[in-house]
1. Once the Cα atoms of helix 380-394 and of the chain are each reduced to a long axis, what angle between those two axes, in degrees from 0 to 90 to the nearest 10, is obtained?
2. With equal scatterers on the alpha carbons only and no solvent term, can you work out the Debye log10 of I(q)/I(0) for segment 60-170 at 0.18, 0.19 1/Å?
3. What fraction, in whole percent, of alpha-carbon pairs in segment 365-408 exceed 13 Å separation?
4. What ratio of Cα Rg to 2.2 N^0.38 Å holds for segment 147-271?
5. Using only alpha carbons, build the gyration tensor for segment 215-328 and give me the equivalent ellipsoid semi-axes, biggest first, whole Å.
6. Assuming R0 = 41 Å, can you tell me the calculated FRET efficiency for the pair Val188 and Lys90, based on Cβ-Cβ distance, to the nearest 0.05?
7. Suppose R0 equals 56 Å; then what is the FRET efficiency for Gln426 and Thr56 from their Cβ-Cβ distance, rounded to the nearest 0.05?
8. Compute the angle between helix 289-307 and the longest alpha-carbon principal axis of the chain, please, reported from 0 to 90 degrees and rounded to the nearest 10.
Amino acid sequence: MVAPGFIFVLVLPLILPADTSADVRFRFASYINNYMVLQKEPAGAVIWGYGIFGATVTVTLCQDKETIMEKVTSVKAHSNSWMVVLDPMKPGGPYEVMAQQTFGRTNFTLRVHDVLFGDVWLCSGQSNMQMTVSQIFNATRELSNTAAYQSVRIFSVSLTEAEQELEDLAKVDLQWSKPTSENLGHGVFKYMSAVCWLFGRNLYDTLHYPIGLISSSWGGTPIEAWSSGRSLKTCGVPTRGFTRSDSVTGPNKNSVLWNAMIHPLHNMTLKGMIWYQGESNINVNRDLYNCTFPALIEDWRQAFHRGSQGQTERFFPFGFVQLSSYLSATSDDKFPQIRWHQTADFGYVPNVRMPNTFMAVAMDLCDRTSPYGSIHPRDKQTVAYRLHLGARAVAYGEKLIFQGPLPEKMELLADRGLLNLTYSQQIQVKKQDKIFEISCCSDRQCKWLPAPMGPFSAQTLALNVSSCRGTPAAVRYAWTTWPCEYKRCPLYHPSSTLPAPPFIAFMTDQIPGDLSKLAE
Ligand SMILES: *[C@@H]1O[C@H](CO)[C@@H](O)[C@H](O)[C@H]1NC(C)=O
Ligand SMILES: *[C@@H]1O[C@H](CO)[C@@H](O)[C@H](O)[C@H]1NC(C)=O
Ligand SMILES: *[C@@H]1O[C@H](CO)[C@@H](O)[C@H](O)[C@H]1NC(C)=O
Ligand SMILES: *[C@@H]1O[C@H](CO)[C@@H](O)[C@H](O)[C@H]1NC(C)=O
Ligand SMILES: *[C@@H]1O[C@H](CO)[C@@H](O)[C@H](O)[C@H]1NC(C)=O
Ligand SMILES: *[C@@H]1O[C@H](CO)[C@@H](O)[C@H](O)[C@H]1NC(C)=O
């Protein structure tokens, strides 16, 4: 038995050199698979994979055995990769995508079926993005209606880290799938993100065409782990990793998640992204978050635009959730500072530093008794609803209200002891004495004092600042970790029920929160 085996091993490479290596090495990128959603028009979807250097690759899009289009390319040297950009396609499907590699006289064909065209959204962040549908309120009901959403397809990236930028995903937790109660309700902080799913479901209800959702998030991770070296440098983030100061999980080293969980997706054509992160930065480079967050958005935009050969929009829509609240052992203003920094210190988005972004305010969605800790509020439905309003306005150009009211003018009526705020929108007011505060200064000492809510009208609110014997220097709203009880903040926009976001404004600005920049 030894002799024939020996001969076989010797002969095999001589007889079948091209065929075997072709079979082994010719493949699609790991996220190109059955049931996937490819980005629809006006962009062209990118299809790529690996093959033998020099081989010709023909990508064919078919529907009912009929060829819709064919693209030919060749496998590049060094990377052994190939890539084609499909012509823009109308939403719909299903289609089959075929890729055939021809090398000399040999050829090999790959196929993926049940492919749809629609909008592809990437969802990233830490545990509040990672929380699954089985962990949220009304989970049983939310898991029971997947039948109506078979054109919303889901994909989940495995938790992996890398020291270098990876070209392809090292591991996938959930390959492209039709949603089921099992793959959506798979355990705790595993597989599919509830916020991502509910956001996609809301979009589908509005758009009525396929939606692809990619979940790539990891609990307890700081923004530095998701940032490339370029953006960290922009913000002067220390290049050394840091050690954990609280009981967070997940990797915290600079760039390791960008490298392994985001960069491998950058050649894909996308519609946009949503992000829910920031809790892990309350004790890590907190004061830099007003730089690291806008820098991450800009860097991801550049990378995905370039990677997709310009098919993913340069300033693609980017939505995020402003931090909710939690029961903190200490009272400090770390949470409000991150909330403020999430808007690049404007108080609202989009703004000049964060163009084409949208935000879901969540400080009123607290959850005292969450079994996952109050840091993980279970009302993800309202989060996703508010996010989808932002997407409809910013990403889809609908004229609708997607931001809560912010003051655009303030006037100190010193003789009456009032500070009169004029809001950008109508306000629905439930008076509360402590949620507004005024910084009162005398002898170069400033102190925050409560500024009770006084007379109000449809769009104005006067604060009682008569307790300030010195000079009022600044005013702030909802500047605490836990500003109000569930859906009971004092200020909402009446018809949209969107909460007024927190803000801080200095009297010298004349206008709160740099709202002057709104006009730009
Ligand atoms: C691919 O190979 C098969 C045989 O393995 C052959 O029948 C077919 O014609 C080839 N196709 C191309 C395009 O070379
Ligand atoms: C960011 O916030 C810090 C303090 O929280 C402030 O000193 C700094 O000027 C801000 N930077 C930018 C770019 O807004
Ligand atoms: C992905 O995009 C980058 C940046 O444009 C490029 O260098 C790389 O070759 C692309 N990958 C493939 C497989 O074409
Ligand atoms: C859960 O279901 C109840 C009953 O239909 C509803 O009132 C409540 O708003 C739902 N909660 C969330 C967070 O959607
Ligand atoms: C606040 O300003 C508005 C608009 O200038 C005005 O209509 C309103 O009466 C003022 N409120 C008070 C209490 O003076
Ligand atoms: C402001 O508050 C003070 C005491 O807290 C009260 O005497 C005064 O009447 C209030 N002013 C207004 C305009 O409500």
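Values in this text are rule-based calculations from the coordinates and carry no lab data. Keep in mind that this is a model prediction, so the values were computed, not measured. Glycine gets a Cβ as well: all are built from the backbone with ideal geometry, and neighbour counts include every protein chain shown.
1. 80 degrees
2. Reported log10 I(q)/I(0), two decimals: -1.18, -1.22.
3. 63 percent
4. For segment 147-271, the normalised Cα radius of gyration is 1.17.
5. Listed largest to smallest, the semi-axes of segment 215-328 are 24, 15, 13 Å.
6. Values: r = 39 Å, r/R0 = 0.95.
E between Val188 and Lys90, to the nearest 0.05, is 0.55.
7. Details: r = 63 Å, r/R0 = 1.12.
For Gln426 and Thr56, the calculated efficiency is 0.35.
8. Approximately 30 degrees, to the nearest 10.
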